[in-house]
1. Looking only at residues in the stretch A:37-55 that are surrounded by 20 or more Cβ atoms within 10 Å (Cβ to Cβ) and either more than 8 Å from chain B (Cβ to nearest Cβ) or touching a strand residue (DSSP E or B) at 6+ places or on another chain (Cβ under 9 Å) (or both), which one is nearest to residue A:150 (Cα to Cα)?
2. Could you check residue A:204 against (1) assigned to a helix (DSSP H, G or I); (2) farther than 22 Å from residue A:22 by Cβ and say which number it fails?
3. Which of the numbered conditions does residue B:118 fail, given that it passes all the others? Conditions: (1) more than 14 Å from every other protein chain (Cβ to nearest Cβ); (2) closer than 17 Å to residue B:63 by Cα; (3) without any contact (Cβ under 8 Å) to a residue 24 or more places away in the chain.
4. Pick out the one residue from B:153, B:171, B:166, B:179 that is in a loop (DSSP other than H, G, I, E, B), on the phi < 0 side of the Ramachandran plot and among the β-branched types (Val, Ile, Thr).
5. If I ask for residues that are surrounded by fewer than 16 Cβ atoms within 10 Å (Cβ to Cβ) and more than 7 Å from every other protein chain (Cβ to nearest Cβ), which ones from the stretch B:99-110 would you list?
6. Out of the residues in the stretch B:1-10 that are crowded, with 23+ Cβ neighbours inside 10 Å, more than 14 Å from chain A (Cβ to nearest Cβ) and touching an Asp or Glu at 6+ places or on another chain (Cβ under 9 Å), state the one that is farthest from residue B:47 (Cα to Cα).
7. Say we look at the stretch A:184-193 and pick out the residues that are in a loop (DSSP other than H, G, I, E, B) and surrounded by 10 or more Cβ atoms within 10 Å (Cβ to Cβ); which of these is nearest to the chain's Cα centre (by Cα)?
8. Tally the residues that are surrounded by fewer than 19 Cβ atoms within 10 Å (Cβ to Cβ), of a type outside the set (Val, Ile, Thr) and within 24 Å of residue A:250 (Cα to Cα), restricting the search to the stretch A:11-36.
Number of protein chains: 2
Amino acid sequence: MQNFELTFLGCSSATPTSIRNPTAQLLNIAERFFLIDCGEATQIQLRKYKLKFQRINNIFISHLHGDHYFGLIGLLSSMHLLGRTLDLNIYCPPELEEIIDLQFKHSQTYLKYKIIYHHHKFIANDLIFEDSKVEVRTILLNHRIPCCGFLFIEKPLLANIAAETIKKYQISIEQIVKIKSGADFITQTGEIIPNNKLVTTQYKPRSYAYCSDTCYDERIIEFIKGVDLLYHEATFMNDMLSRAKETYHSTALQAATIAEKAAVNKLIIGHYSARYKDLQPLLDEAQTVFKNTVLSVEGESIVVSN
Amino acid sequence: MQNFELTFLGCSSATPTSIRNPTAQLLNIAERFFLIDCGEATQIQLRKYKLKFQRINNIFISHLHGDHYFGLIGLLSSMHLLGRTLDLNIYCPPELEEIIDLQFKHSQTYLKYKIIYHHHKFIANDLIFEDSKVEVRTILLNHRIPCCGFLFIEKPLLANIAAETIKKYQISIEQIVKIKSGADFITQTGEIIPNNKLVTTQYKPRSYAYCSDTCYDERIIEFIKGVDLLYHEATFMNDMLSRAKETYHSTALQAATIAEKAAVNKLIIGHYSARYKDLQPLLDEAQTVFKNTVLSVEGESIVVSN
């Protein structure tokens with residue numbers, strides 16, 4: 001099965017702490033490396049965990065609070081200094097292009113590679129990336145400034161047909177292609193063999209929804225329904241609900257409530273306030289509502305299996 | 001004696017490596033904390049070495065190559081988020097103000113403290129900071145884009161008069177003040193006691209010259225002559241002299257030659273190219289010309305004594 005693995009590079013909110021970095025995640029789907037947000041020192045985290053950053057061809061920035069993008073200019077500079085020539089796509093709020101351009105202008109840096117900007121329109125379920133293996137759609141979040149999350153969905157894989165099935169029914173190559181795309185098979189005696197009796201693997205495409213930063217907002221549920229993996233920010237414990245509301249953030253309880261209502265398979269929480277040295281209480285709180293919750297931890301990965 | 005201590009936060013050139021961060025230094029002179037350059041992750045380094053960053057009231061940025069300032073926006077943001085209200089002075093190329101303003105604008109951040117920008121005029125020996133204890137002057141460097149170093153000089157301290165001297169000559173309080181400022185003393189019998197026979201401590205004010213980034217340029221020598229401590233970049237070994245010239249950087253040998261010609265007391269080198277895992281050869285090369293050379297090492301400090 002192709003890879004579907006998420007690695008956490010930074011799990012802190014707002015300010016880095018002595019033990020946590022601001023938000024960044026690296027998602028590998030079928031050897032496409034997607035960088036999701038890029039807080040300060042993301043390039044240093046990538047080096048620390050021995051993740052080759054020149055393999056990243058697509059960077060998704062949710063919004064323009066610094067803890068989600070201050071590391072981008074440094075990463076782009078290093079890509080240039082280390083000889084990158086391959087195009088790089090950045091999906092981001094429009095103003096980010098101006099911020100990056102201004103800094104390269106004043107350092108008189110002329111990139112050896114091309115950056116292709118894809119400006120967020122800030123609408124829900126907007127298809128912003130698509131290739132043969134993956135598509136990415138926006139999730140409209142509710143934050144103090146325009147912000148969107150991202151839904152990564154595998155493309156359905158063509159089914160496999162076991163060698164003995166091909167032999168048994170004497171299926172031609174031409175017919176194999178049709179069956180892989182969903183067709184039934186008619187034998188020489190006229191018997192119809194339904195597609196699901198012929199193919200061996202027809203697993204449901206995996207999906208990952210990234211939701212940070214946002215206040216509790218049930219409008220996202222319809223777009224993340226049933227995903228395999230949901231990352232939902234949990235900046236605070238629920239005893240700080242009023243602070244969460246005031247800052248357009250969520251509590252661990254609220255993140256779990258969204259996961260429960262959206263019937264996702266697994267919830268990961270993160271974007272922890274610096275006040276929480278021990279994260280266990282956040283996890284405990286979330287698990288009172290949604291059992292299959294885990295904490296995001298820097299340097300650790302989650303493999304999404306099917 | 002008052003403090004005069006320099007701490008290294010980042011000693012790498014261009015790109016961070018897995019073991020080194022881009023340039024930043026913290027200089028403490030008499031409990032004034034001066035931040036000199038601010039590469040990416042400087043705020044993280046400050047936390048790592050338990051240096052309280054809210055005590056920094058003056059930040060000096062040499063030039064607008066990213067490895068010298070990409071960490072500034074994150075540090076300024078964290079100062080804000082952690083409740084700073086005290087004014088902050090930034091001495092920098094004019095364009096930096098635009099870069100910082102643009103980012104705060106798009107994140108809709110309204111600082112609770114005031115930033116006072118002091119734009120470099122890029123002239124030599126320009127007095128850019130002065131208080132009762134310290135003055136700071138520019139050193140005009142020769143780099144690919146406008147760049148200046150900084151010369152930090154202690155103000156002369158008022159001399160001390162030993163208690164037995166005061167008793168012996170029966171010196172009044174009024175006369176003590178005059179003697180501390182350099183006056184001689186006339187005894188009741190008319191004898192003139194010269195000032196240097198009265199005062200006990202008249203040490204030479206200490207000085208630190210920061211020179212990064214620059215190609216080899218002897219024009220700086222007259223401005224750094226005899227300083228106690230010189231930091232001079234040494235990006236390359238001398239076998240890469242042509243690469244050094246091309247990129248407007250210096251070799252370890254060149255840094256040492258400047259130190260020798262300027263008759264400084266001690267030389268520190270840094271801004272090492274990522275290609276040098278082991279720094280000993282850079283030190284060895286510098287010491288062939290200037291014996292009292294040391295390597296800058298992240299997290300370590302140098303105390304300038306008199």
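The values are calculated or read from the model by the stated rules, or taken from the named source; none is laboratory data. As the structure is a prediction and not an experimental result, all values here were calculated from the model. Using ideal geometry, Cβ is built from the backbone for each residue, glycine included, and neighbour counts are taken over all protein chains shown.
1. Applying the filter and picking the extreme gives A:37.
2. Only one criterion is unmet by residue A:204, namely (1).
3. Checking residue B:118 against (1) more than 14 Å from every other protein chain (Cβ to nearest Cβ); (2) closer than 17 Å to residue B:63 by Cα; (3) without any contact (Cβ under 8 Å) to a residue 24 or more places away in the chain, the one that fails is (3).
4. Numbers: B:153 fails: in a loop (DSSP other than H, G, I, E, B); B:166 fails: in a loop (DSSP other than H, G, I, E, B); B:179 fails: in a loop (DSSP other than H, G, I, E, B).
Answer to the check: B:171.
5. Listed by number, the residues that qualify are B:101, B:105, B:110.
6. Looking only at the stretch B:1-10, we keep the residues that are crowded, with 23+ Cβ neighbours inside 10 Å, and these are B:4, B:6, B:8-10.
After this cut, where a residue has to be more than 14 Å from chain A (Cβ to nearest Cβ) as well, the list is B:4, B:6, B:8.
From what's left, touching an Asp or Glu at 6+ places or on another chain (Cβ under 9 Å): B:4, B:8.
Numbers: B:4: 21, B:8: 13 Å.
Selected residue: B:4.
7. Ranking the candidates gives A:184 first.
8. Total satisfying the criteria: 1.
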